[in-house]
Every structure is written in structure tokens, then in C-alpha cells.
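I am attaching a structure below and will ask some questions about it afterwards.
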Amino acid sequence: VLEMERQEVKEIFLNDIFVQLRDLKGDRRTQLEIRERLIEGLQRLGLSYGKITQEWLNPLVTRDIMLLQRNGQFPDLPPEMEGAQFKIEYVGRLAMELKSQESRGYRQWVSMAMDIDPVFPAIDNINMDGGFRRVGETLGVSIEDIATLEEVEAKRAQRQAEKDAQMALQAAQVAGAAYGQTTKAPEEGSVAEAVVGA
């Protein structure tokens, strides 16, 4: 009877999730099999973890932050952050592992969209910039290593300007070669005259 009660307590506290690898039978396991077992356990744990964070921890942490702010324990916020809502992000190993399931789902979704993109423009449904940044954060990439949105825009603008300049140079070379093969002077106001005049 005592052993049955112990087993019930272990099941209530989801003990079997944390000792899955210890109870494996046999001596050969692939990395994929181990990963799938861990994912299965995390999926079972995810519901409990979600309820604890949403119904207990988030309100508790929010209340503590508001009390600290009201009592002047934080420095003054910059004007652009005044009145803004904040979001609580958990960064423990369990939270990061549960978030990594989201990044796997995102990668599968993008891969599926790219597969059917030649037939249907599914890729248009994906916020690539936002999704890729969140995957980086989920994988534990430091925020200092992720380019800001302004930096991304500047890099893209520079790349586009270089591409435009390269295309203009190629067009001028083609026009110059074509003009070199003609025998008469370019017509007034034509592109050829502009190229020769440059």
C-alpha cells in the first residue's frame, strides 16, 4: 500500500519526466530517440508549467515590479518607455527548452512554406524578420549579437545600392559595346548619346 502511495505521489509531481533516461532498457540509444523521449516529457510538463507561470508566477512578479516602481526602487524610465506594457520572459533551462519547441515548429513551418512556394506563395504568410529574431532569442543568442532593426535596414539599403550601381555599370558597358559596333553618330536625346556624353 505504501509503495502504491509513493508511486501516486511520483506521478502527481511528474517525477517520471525527469528520470526518463535512467529507466531506459537496453544499451543502445540513438540521439534522435533520446531527443524524442525528452520532447514527449516536455510536452506533458508544458501544460503544468504554463498554468504555473500564467496563473501564479506572472501575477506575482508583475505585482512585485509594480510595488518596486511605486516605491521608487527603479530609476526613471526613458520617455519612450513611459506607460509601455512589459512582458515577463523566463530564461531558465526548462523555459528555454519549452521555447525551443516553438523554434522547431517555426523551422518546420518555414520549410513547408518553401516547399509549396513554387505552387502557392505561402512564404508571404511568414514574418521572416520577426520569426528569425525570436528563434535566435529562443536558442539563447545574446541580444547584443542580434542586429537592431535599424542596422538590418541600413545593411539592406547598402546592399540594394551596391546592386543598383552594379546593374547600372553593366548596362553602360552593354550600351558602350553596342555603340562601338555602330557606324553612325547617336541620335540627339537618345540613351546612347547620354552614355557617350558621360
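The values are calculated or read from the model by the stated rules, or taken from the named source; none is laboratory data. Being a predicted model, the structure only gives us computed values, none of them experimental. Please note: Cβ atoms are built from the backbone with ideal geometry, for glycine as well, and neighbour counts cover all protein chains shown.
Return yes or no: is Leu98 hydrophobic (A, V, I, L, M, F, W, C), out of contact with any Ser or Thr (no Cβ under 8 Å at 6 or more places or on another chain) and over 23 Å from Gly136 (Cβ atoms)?
Criteria not met by Leu98.
Residue check, Ala185 against (1) at pLDDT 90 or above; (2) outside any helix (DSSP H, G or I), all met but one. Which one?
Every listed condition holds for Ala185 apart from (1).
Here's the yes/no breakdown for (1) outside the structural domain of Lys10 (by TED's automatic domain parsing); (2) closer than 15 Å to Lys99 by Cα; (3) under 26 Å from the mean Cα position of the chain (by Cα); (4) assigned to a helix (DSSP H, G or I):
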site	(1), (2), (3), (4)
Arg37	no, no, yes, yes
Leu42	no, yes, yes, yes
Leu45	no, yes, yes, yes
Pro59	no, no, no, yes
Leu68	no, no, no, yes
Pro75	no, no, no, no
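Which of (1) closer than 30 Å to Ile12 by Cβ; (2) free of Cβ contacts under 8 Å to residues at least 12 places away in the same chain; (3) among the charged types (D, E, K, R) is the odd one out, the single condition Arg44 does not satisfy?
Only one criterion in (1) closer than 30 Å to Ile12 by Cβ; (2) free of Cβ contacts under 8 Å to residues at least 12 places away in the same chain; (3) among the charged types (D, E, K, R) is unmet by Arg44, namely (2).
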